[in-house]
Amino acid sequence: MRQRCPGARAPQHRTARPSTERKTSNMATRFLFLFDFDETLINENSDNSVVRAVPFQKLPASLSKTHSPRFFLEHSQQIMTFLNESGVTEDAIRAAIQQIPASPGGAALLDFLLSQDDFECVVVSDANSYFIETWLRHARAQNLFTKVFTNPAEFNTNGRLVLHPFHSHSCPRCPENMCKQVILREYVSKRAKERGEPFQKVFYIGDGENDICPTLALGQNDTVFPRRGFPMHKIIEDLQKAQPGVYKPAVVPWDRGEDVVDFLKKVLQEK
């Protein structure tokens with residue numbers, strides 16, 4: 001059994017590159033659990049949260065305008081440039097990220113997964129490695145995750161946080177820098193070869209439009225947890241109405257992390 005992470009109850013640094021292994025993979029795990037970060041693990045969008053470090057805690061009008069989801073990383077980099085030009089330091093950015101609360105019941109979900117040996121957990125996020133690693137370390141939850149798939153980020157010599165695209169792909173549905181379905185498919189295939197067998201079930205928890213694409217690769221034995229009332233939930237509902245049977249995985253909306261815990265406990269009882 002994994003050692004319980006005491007800090008996970010308080011939603012609470014050096015960052016690792018995307019796909020960096022967090023701990024020795026547990027070949028005994030039966031299930032794969034994939035997490036989005038913004039508004040899923042945490043209760044805010046981290047790009048918006050870091051604006052707390054800016055004087056007056058406000059972005060200029062040019063950066064506050066709606067941006068295309070396909071160019072989210074480019075918009076994020078513009079925000080990082082604005083922070084740097086405003087004199088915001090790495091320490092201030094770190095402090096702003098550490099202040100982000102976990103989603104409702106998020107600490108309970110992390111605690112539950114840390115107490116189990118059946119789940120291999122990864123993060124798949126269009127945020128960046130600095131934000132995610134900073135938050136996970138502050139929450140003392142980093143040991144839960146085998147991999148973190150996200151956009152690499154590092155501070156340059158001028159103190160600006162520089163973001164890099166995770167990969168290139170040809171998926172028309174996803175932001176140009178990241179297709180989560182490509183990541184999911186490649187990881188599931190790789191782990192099946194390493195383990196000598198596939199995972200019994202795959203679980204995916206998210207909130208946004210870019211969390212739809214990876215779940216389209218899941219099957220009837222898998223489960224998706226869309227955050228209730230958020231874009232992912234509505235898109236799935238619309239898809240199920242428009243094309244019944246096309247969306248394969250089971251759908252369990254959540255308001256709090258305890259909703260997911262209750263479902264997972266039932267799955268474990270099916271042993």
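The values are calculated or read from the model by the stated rules, or taken from the named source; none is laboratory data. Source: prediction; values computed, not measured. Here the Cβ positions follow ideal geometry from the backbone for every residue, glycine too, while neighbour counts run over all protein chains shown. The protein model used for the area step is the full one, side chains on, heavy atoms only, and it has no ligands, DNA or RNA in it. Shrake-Rupley method; radii C 1.70, N 1.55, O 1.52, S 1.80 Å.
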Could I have the simple spin-label model distance between Val162 and Arg256, label points 7 Å from Cα toward Cβ, reported in nm to one decimal? 4.5 nm
With +1 on the Cβ of every Lys and Arg and -1 on the Cβ of every Asp and Glu, and nothing else charged, how large is the dipole of the stretch 114-168 about its Cα centre, in debye rounded to the nearest 20? 260 debye
What percent does the relative contact order of the stretch 132-270 come to when contacts are Cα pairs within less than 8 Å and at least six residues apart? 15 percent
Among (i) 21.8; (ii) 19.0; (iii) 18.2, the entry that matches Kirkwood radius over Cα pairs in Å as calculated here: (ii)
Accessible area of His75, 1.4 Å probe, to the nearest 10 Å²? 20 Å²
With r defined as the distance between the Cβ atoms of Ala192 and Ser170 and R0 fixed at 30 Å, what FRET efficiency is calculated, to the nearest 0.05? 0.80
Of Lys180/Lys201; Lys147/Lys201; Lys201/Lys266; Lys193/Lys241; Lys147/Lys180, which pairs sit farther than 25 Å apart, going by alpha carbon to alpha carbon? Lys193/Lys241
Considering only protein heavy atoms and a probe of 1.4 Å, how much of the accessible area of the chain is carbon and sulfur, as a whole percent? 49 percent
Accessible area of the chain divided out per residue, in Å², using a probe of 1.4 angstrom: 46 Å²
Which peptide among 154-167, 196-209, 31-44 comes first, and what is the full order, when sorted by highest mean count of other Cβ atoms within 10 Å? 31-44, 196-209, 154-167
Once every DSSP H run of n ≥ 4 in the chain is given -39500 (n - 2.57) and the sum is divided by its residues, what mean residue ellipticity at 222 nm do you get, rounded to the nearest 500 deg cm²/dmol? -10000 deg cm²/dmol
Per residue, how big is the convex hull of the stretch 129-271 when only Cα atoms are used? Give it in Å³. 158 Å³
Please give the charge dipole size of the chain, origin at the Cα centre, charges +1 on K and R Cβ atoms and -1 on D and E Cβ atoms. Round to the nearest 20 debye. 500 debye
